[in-house]
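Data block below; observations after.
The values are calculated or read from the model by the stated rules, or taken from the named source; none is laboratory data. Note that the structure is a prediction, hence the values are computed from the model and not measured. Note that each Cβ is placed from the backbone with ideal geometry, even for glycine, and that neighbours are counted across all protein chains shown. To get the accessible areas, we keep the full protein, side chains included, count just its heavy atoms, and leave off ligands, DNA and RNA. Shrake-Rupley method; radii C 1.70, N 1.55, O 1.52, S 1.80 Å.
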Amino acid sequence: MSVNKEIKRVTTHSLQAMKAKGEKIAMLTAYDYSMATIVDDAGIDVILVGDSASNVMAGHETTLPITLDQMIYHASSVVRAAKRALVVVDLPFGSYQGNSKEALNSAIRIMKESGAHAIKLEGGVEIAESVSRILTAGIPVMGHLGLTPQSIYKFGTYTVRAKEEAEAQKLREDCLKLQELGCFSVVLEKIPAALAKEVTSSLQIPTIGIGAGQGCDGQVLVIHDMLGINKGFRPRFLRQYANLYDVMNEAVQHYVSDVKAQDFPSDKEQY
Ligand code: KIV
């Protein structure tokens, strides 16, 4: 199916309509103006300013260190680029877990200071009060269940979640709770495809999967992973669409050797 370029701006309502029509939702992360311009122009439906910026932009091992101010900086750069896509921003670790007032203040700062269209946070029933308070302020909320990287030290590993029935049942209940509260969508990360498919058909709101199989209403990947900028990160769920690490590395090597050989700049490249 081709991209519907008629849509002036993708909204939470457009995503709901896509689910109803059976049109899959394409979402990617972006963290800066130039990358977001390319992604938006290529017809992406949703740009996620993910807290994965902590890994791919800042080089941290986990998503935990990134701050609210840093997320706002990334988000406002992306918002300036996005002409069509819906821009969703992660609430970073430590900006919403304390209490629902803190969660609301963090969500308001993101919306007010970056101009983004929605926020995402990780968790189910435990964060129901915060989700509800943010929604009451008129801020659209996307949930995130399954592997929730902000809880990595509780899980211990990045392996597939909800393989056991007890955890699968908790995930079903969390999904229903997020829908009942009024979330417009939920990300399902690294869970069995059969469970993601079952949950997707039981929900009215769209699910967006990452490592959750083809039964979800949409898919999301981290842009650096799918473009092959991250050398060596090759989980099973990742399809790498380019090998930009090698492309960029070769270009830089070429430049270095041209400068050293006094081949750059040439007569035509100077004033
Ligand atoms: O931060 C992020 O990039 C995410 C996606 C992996 C869903 O939350």
Quiz item: How much net charge surrounds Ala53 when only other residues with a Cβ under 11 Å from its Cβ are counted (Lys, Arg +1; Asp, Glu -1)?
Solution: -3
Quiz item: Given the options Ala17, Ala36, Ala81, which has the most mean-square fluctuation in a GNM of the chain, springs set between C-alpha atoms less than 10 angstrom apart?
Solution: Ala17
Quiz item: Just how far, in whole angstrom, is the stretch 248-269 from the stretch 94-127 if you go by their alpha carbon centroids?
Solution: 46
Quiz item: Given the rule -39500 (n - 2.57) for each run of at least 4 DSSP H residues, summed and divided by the residues of the chain, what is its mean residue ellipticity at 222 nm, to the nearest 500 deg cm²/dmol?
Solution: -12500 deg cm²/dmol
Quiz item: Got a sec to turn the phi values of the stretch 224-231 into Karplus ³J(HN,Hα) couplings, 6.51 cos²θ - 1.76 cosθ + 1.60 with θ = phi - 60°, whole Hz, x for Gly and Pro?
Solution: 5, 6, 6, 8, x, 7, 8, 6
Quiz item: Could you give the accessible area per residue of the chain, probe 1.4 Å, as a whole number in Å²?
Solution: 51
Quiz item: Per the 1.4 Å probe, what fraction of the accessible area of the chain, in percent, lies on carbon and sulfur atoms?
Solution: 54
Self-check item: Surrounding net charge for Ala194, when Lys and Arg each add one and Asp and Glu each subtract one, Cβ distance under 13 Å
Solution: +1
Quiz item: Which net charge results for the neighbourhood of Met18, defined as the other residues with beta-carbon distances under 9 angstrom from its beta-carbon, given Lys and Arg at +1 and Asp and Glu at -1?
Solution: 0
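Ranked from the most accessible area to the least, with a 1.4 Å probe and all protein chains present, what is the order of His74, His60, His254? Please report the intermediate quantities before stating the final value.
Working: His74 25, His60 80, His254 110 Å².
The residues order as His254, His60, His74, largest area first.
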Exercise. Kindly list the residues of the stretch 107-127 that lie in the label zone of Glu198, defined by a backbone N under 20 Å from the point 7 Å along the Cα-to-C-beta vector.
Key: 124-125
Self-check item: Solvent-accessible area of Cys175 with every protein chain in place, 1.4 Å probe, in Å² to the nearest 10
Solution: 0
